Amino acid sequence: MPVFRTAAARYLASRFVTTVFIILGAMLLLFALGALVPGDPATTLLGPQATPEYAARFIEKMGLDRPLYERFLIFFGNVLTGDLGEDVITGRQVSGLVLAVLPYTLVLTLSSIGFAVAVGIPLGVYSARYPGTKIDAVVAFSSVAFIAIPAFVIAVLLLVAFAVWLPWFPVLGAGDTSNLIDQARRLILPSVALGIGWVGMIARLIRSSLLEVLGSDYIRTARAYGLSETRIVYKYALKNASIPTVAVLGLGIGRLLGGAVLVEIIFARPGLGRLVFDAIATRNFPVLQGSVLVVVVLFTLTNLLVDLSYSALDPRIRHGMKAAGAAA
């Protein structure tokens with residue numbers, strides 16, 4: 001047990017160090033992009049009518065007259081203290097702007113993943129239990145179609161369908177903050193638009209993984225003991241078959257956060273995506289840097305949690321840690 005704990009601690013430490021370096025690299029890249037983009041941000045933000053004196057004061061306030069390395073050190077130190085800068089248009093703190101819209105994006109992302117898992121796993125399980133049937137072929141075709149269609153196309157189609165043809169759901173805005181039912185109804189269509197592509201991905205992964213697991217020796221042993229097929233699939237096989245899906249979902253967090261940009265714009269929802277879009281349109285670099293940095297941190301931390309969850313899903317990984325610790 002102490003050997004296993006030592007190996008697990010080393011693994012956790014290595015993953016944590018890797019996560020820190022990824023975040024530091026993202027910070028450096030974001031700062032470089034903001035500093036090296038051509039054009040004068042003062043002229044862009046203040047307009048051509050701004051006087052040279054006012055533009056000079058703006059540049060001094062933003063610190064754009066300082067050396068590049070000094071600006072990066074200031075940016076790095078501010079981020080470590082939770083200061084993401086100041087919105088150059090409104091003067092508000094970027095951290096406050098991000099925190100105000102972050103819950104909307106997180107709720108949309110998590111509900112999209114929940115929708116994809118709730119639909120994709122049963123489809124994948126059914127296809128694996130009855131391979132070669134007509135329903136299996138329909139599921140396979142639908143999976144490919146769902147993956148191929150971009151989220152913003154689905155969003156536009158849903159917007160037209162449920163704003164013009166079938167007014168079943170409200171389609172614009174995030175709803176009244178004091179009315180959870182209204183918020184939930186307005187979340188349905190954006191969640192479907194953002195998560196439907198992952199329905200196909202999860203269904204295909206579950207099907208292929210489950211077919212492989214169902215041919216394993218321990219599954220044949222369970223059948224020999226007379227266990228029902230439903231119990232074998234859902235209690236024993238599905239746990240191991242879901243490991244590749246967990247890995248893909250961890251990577252999918254970043255893609256869903258990126259896809260939320262257009263979905264939030266189409267459905268007129270507040271969120272990080274809308275904040276990033278507005279910052280790009282106005283060349284508001286502090287807001288852009290802060291918003292993207294938060295997305296990067298969320299993405300890397302999610303992948304760290306996914307890596308750590310492997311040992312809970314697959315005992316072989318725990319044994320591998322123990323063997324590595326014993327060898328050391």
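The values are calculated or read from the model by the stated rules, or taken from the named source; none is laboratory data. Treat the numbers as computed from the prediction; the structure is a model and nothing was measured. Here Cβ is always computed from backbone atoms with ideal geometry, including for glycine, and neighbour counts include all displayed protein chains. Just the protein is used for accessible areas: all its heavy atoms, side chains included, with ligands, DNA and RNA removed. Shrake-Rupley method; radii C 1.70, N 1.55, O 1.52, S 1.80 Å.
Numbers for the structure displayed
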| read-out | value |
| --- | --- |
| Distance (nanometres) between label positions extended 7 Å along Cα→Cβ at Ala163 and Thr18 | 4.3 |
| Accessible solvent surface per residue of the stretch 152-260, calculated while the other protein chains remain in place, 1.4 angstrom probe, Å² | 51 |
| Protection proxy ranking, peptides 90-96, 274-280, average beta carbon neighbours within 10 Å, highest first | 274-280, 90-96 |
| Packing-based ranking, highest mean first, of 126-136, 283-293, 161-171 given that Cβ atoms within 10 Å are counted | 283-293, 126-136, 161-171 |
| Mean Cβ count within 10 Å, highest first, over the residues of peptides 152-160, 74-82 | 152-160, 74-82 |
